[in-house]
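Heads up: the structure comes next, in structure tokens.
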Amino acid sequence: MRRIAITFAATVSVVVLLFSYRTSTDSTPVAVGRPLGTQPARTTSPATPGSTGGGTFTGGAADTRYGPVQVQITVAGGKITDAQAVEYPQESGRDVRINSAAVPELNQETLQAQSAQIDTVSGATYTSEGYQQSLQSAIDAAHG
């Protein structure tokens, strides 16, 4: 009888612990992508005569779980000559730590790939996916 009572108490304790375990700090559903109706913005540096798709183009902001990501590219002679994330999550120390390493890598990958087909940075999946979406939006603006 005593064993039954101990086993029952242990089982109840385990069940209570399992139900109190939090798997996420944020239970808000997340939509990734550009809201309908928003257009990528073309900013500064208009194309010069004789150049193909030149100028500076800012992609639409892509919403991610941790905040928006927005990319700006500079195009000269039909090639991406510069890529910068102008907006990305920096709300917490963790965001700053992750993105201070990921964003420069994504910028460099863009220059090498010359497209939005770039690798996701390990540990920065949400930022990488938002970066790719905004980058594609900027590339589309450069071609349009």
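The values are calculated or read from the model by the stated rules, or taken from the named source; none is laboratory data. Keep in mind that what you see is a predicted model, and the values were worked out from it rather than measured. All Cβ positions, glycine included, derive from the backbone under ideal geometry; neighbour counts span all protein chains shown. Protein only, heavy atoms only, side chains kept; ligands, DNA and RNA dropped before computing areas. Shrake-Rupley method; radii C 1.70, N 1.55, O 1.52, S 1.80 Å.
Out of the range 112-144, which residues are in a helix (DSSP H, G or I) and among the acidic types (D, E)?
Answer for the range 112-144, where residues must be in a helix (DSSP H, G or I) and among the acidic types (D, E): E129, D140.
Among residues of the range 107-144 being under 8 Å from the mean Cα position of the chain (by Cα) and among the β-branched types (V, I, T), the one that is nearest to A85 (Cα to Cα) is T127. Condition check: open to solvent by 20 Å² or more (accessible area, probe 1.4 Å), under 12 Å from L135 (Cα atoms) and in a helix (DSSP H, G or I). Does E109 satisfy that? In short, yes.
Tell me yes or no: at least one residue of the range 74-81 is open to solvent by 80 Å² or more (accessible area, probe 1.4 Å), modelled with pLDDT of 90 or more and either in a strand (DSSP E or B) or farther than 25 Å from V121 by Cβ (or both). The answer is yes; a qualifying residue exists.
Here is a list: T56, T64, T38. Which entry is of a type in the set (S, T, N, Q) and either at pLDDT below 65 or open to solvent by 40 Å² or more (accessible area, probe 1.4 Å) (or both)?
T38
Applying the set (1) surrounded by 21 or more Cβ atoms within 10 Å (Cβ to Cβ); (2) among the polar types (S, T, N, Q); (3) out of contact with any Gly (no Cβ under 7 Å at 6 or more places or on another chain); (4) outside any helix (DSSP H, G or I) to N99 leaves exactly one unmet item: (4).
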